[in-house]
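In what follows, a structure is listed as structure tokens, so that the remarks can point back to it.
The values are calculated or read from the model by the stated rules, or taken from the named source; none is laboratory data. All values reported here derive from a predicted model rather than from experimental measurement. Here the Cβ is made from the backbone with ideal geometry for all residues, glycine too, and neighbour counts use every protein chain on show.
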Amino acid sequence: MEIEIVMFWISSIYIIPIWGLMWFAPRHDITKKIVGDLRISVLPLCIPYAILAIPSLPDIFITLGAEMPTPEKIVEFFSDDKVIIVGWLHFLAFDVLAGRYIWLRMLACDRPMYVSTPILVLGMMVAPLGFLIGILTTLEYSE
């Protein structure tokens, strides 16, 4: 379990400056360089996930792909500490990806910090809700 703990801490600490920049310095050049670059903001979070998930792919596919997952199967699957940590790393990577997308929309729509910061905090803590509110507050955004 040692490698899982190391990957947990590396990823959990790595996200702190990324979220901090989006919350407190959304328009700063440093934020745009770090958060604006997927190779810096998101891809490094995929590495610890891959290190832990790839060896487990057969179990993941067998458990979740053999038949429609049920609540009972999911609870059983996540009863393993290693699976919980892989799930946590999944959350971290995709929360940052979703938060980064909302941050970019907030910048494009010129939303002030008092609007963007609370939404991005939601994006970190409860990502689907933060993502939804972020989309709703930037509906005029056009890609």
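The residues listed here are M7, M22, M1; of these, the one that is aliphatic (A, V, I, L, M), surrounded by fewer than 16 Cβ atoms within 10 Å (Cβ to Cβ) and in contact (Cβ under 8 Å) with a residue 24 or more places away in the chain is M1.
All of (1) acidic (D, E); (2) outside any helix (DSSP H, G or I); (3) farther than 30 Å from K33 by Cβ hold for D110 with one exception: (3). With more than 25 Å from I13 (Cα to Cα), under 21 Å from the mean Cα position of the chain (by Cα) and not aromatic (F, W, Y) as the only criterion, which of I60, I102 stands out? So the residue among I60, I102 that is more than 25 Å from I13 (Cα to Cα), under 21 Å from the mean Cα position of the chain (by Cα) and not aromatic (F, W, Y) is I60. Among the conditions (1) free of Cβ contacts under 8 Å to residues at least 40 places away in the same chain; (2) surrounded by 13 or more Cβ atoms within 10 Å (Cβ to Cβ), A93 misses just one, which is (1). Which of the helices (runs of 4 or more DSSP H) found entirely inside segment 8-78 contain at least 1 residues meeting this: touching a Pro at 6+ places or on another chain (Cβ under 9 Å) and modelled with pLDDT of 95 or more? The qualifying helices (runs of 4 or more DSSP H) are 29-34.
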